[in-house]
Amino acid sequence: MRFLDLVFERIRRSAFLYRFALFTRVLLAAGFIPTGLVKLLGHRFTIIPVENPIGAFFEAMYQTGLYWNFLGLCQIVAGILLLIPRWAHLGAALFLPIIVNIFIITVSLPFGGTPLVTGPMVLAVTFLCVWDYHRFRSILTTSPIQLTITEHRLEFWEKVGFTVWSLSLLSVFGILRSSYILDGKLAIVAIGLGLVAGILTLVRFFWLWMTGNFSVGATSVGDLATQSVSKGSQPH
């Protein structure tokens, strides 16, 4: 386990991977909350005819009624949890069986190249679980834990950019998934705002990376308590 602990500590030191974790959480939440809402409201997910195996599968799922609503609720809850930093690890844990199930479905039915999308999604959720490895470690072992976890923070303009980008992405996915959620006329505005916010945030990140002005801290995690041990800045 010590080897896994050391790998985890190295991963958590990366300012890039911290931002990638945020990006992944938002992307998954934006992709699944609108989709889950469609199911929860009792609407069909696709208009593929039932003569097609994929259409027949989704129609059978839709006809279950309560189970269809339950699937949507699970996706919404997992997506919301991912957007709340304190509970993001629970969102990742809930998403893992959901996305693995979706991946198996896309492999089992003639979805064409869809597994090339769902496969990386499985890897993305697995990464989020690894990012919060310290929260799941007790499931794997009862050995004492002594970890130094780097605590990254976004600076003000990064927070603004991430917020605008997240809201725009949620709107865009809402448009793509269902007309029940957002008027398609707002698509251009949402996409435009999202692109601008995303580009500016990316530029800001590279500037901070080049100048070494990331805001970070370190937390020592022991057997009984978690305490803050240092705060400062580091280039990587």
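The values are calculated or read from the model by the stated rules, or taken from the named source; none is laboratory data. From a predicted model like this one, the values you see are computed outputs, not experimental measurements. Glycine also receives a Cβ, built like all others from the backbone with ideal geometry; neighbour counts cover every protein chain displayed.
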- Task: Go through region 124-148 and give me each residue that's among the aliphatic types (A, V, I, L, M), surrounded by 12 or more Cβ atoms within 10 Å (Cβ to Cβ) and within 15 Å of His89 (Cα to Cα).
- Result: Ala124, Val125, Leu128, Val130
- region 155-175 residues that are free of Cβ contacts under 8 Å to residues at least 24 places away in the same chain and farther than 17 Å from Arg204 by Cβ, paired with ones that are among the hydrophobic types (A, V, I, L, M, F, W, C) and outside any helix (DSSP H, G or I) (beta carbon under 6 Å, 6 or more apart): Ser171/Leu182; Ile175/Leu182
- Residue count, region 52-64, condition of a type outside the set (A, V, I, L, M, F, W, C) and under 27 Å from the mean Cα position of the chain (by Cα), comes to 1
- Task: Looking at (1) surrounded by 15 or more Cβ atoms within 10 Å (Cβ to Cβ); (2) of a type in the set (Phe, Trp, Tyr); (3) within 23 Å of Leu109 (Cα to Cα), find the lone condition where Phe70 falls short.
- Result: (1)
- Query: In region 68-101, which residues are in contact with a helix residue (DSSP H, G or I) (Cβ under 7 Å, 6 or more places away or on another chain) and either free of Cβ contacts under 8 Å to residues at least 12 places away in the same chain or farther than 22 Å from Phe23 by Cα (or both)?
  - Reply: Trp68, Asn69, Leu71, Gly72, Leu73, Trp87, Leu90
- Message: Would you confirm, using the coordinates I've provided, whether Gly91 is of a type in the set (Gly, Ala, Ser) and at pLDDT 90 or above?
- Response: yes
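Suppose we filter Val172, Val216 for residues that are farther than 30 Å from Gly55 by Cα, touching a helix residue (DSSP H, G or I) at 6+ places or on another chain (Cβ under 8 Å), surrounded by 15 or more Cβ atoms within 10 Å (Cβ to Cβ) and modelled with pLDDT under 75; which single one remains? Lay out the reasoning, then the answer.
Values: Val172 fails: farther than 30 Å from Gly55 by Cα.
Of the residues listed, the single one that is farther than 30 Å from Gly55 by Cα, touching a helix residue (DSSP H, G or I) at 6+ places or on another chain (Cβ under 8 Å), surrounded by 15 or more Cβ atoms within 10 Å (Cβ to Cβ) and modelled with pLDDT under 75 is Val216.
Kindly indicate whether Arg86 is under 25 Å from the mean Cα position of the chain (by Cα), modelled with pLDDT under 95 and farther than 23 Å from Ser168 by Cβ.
yes
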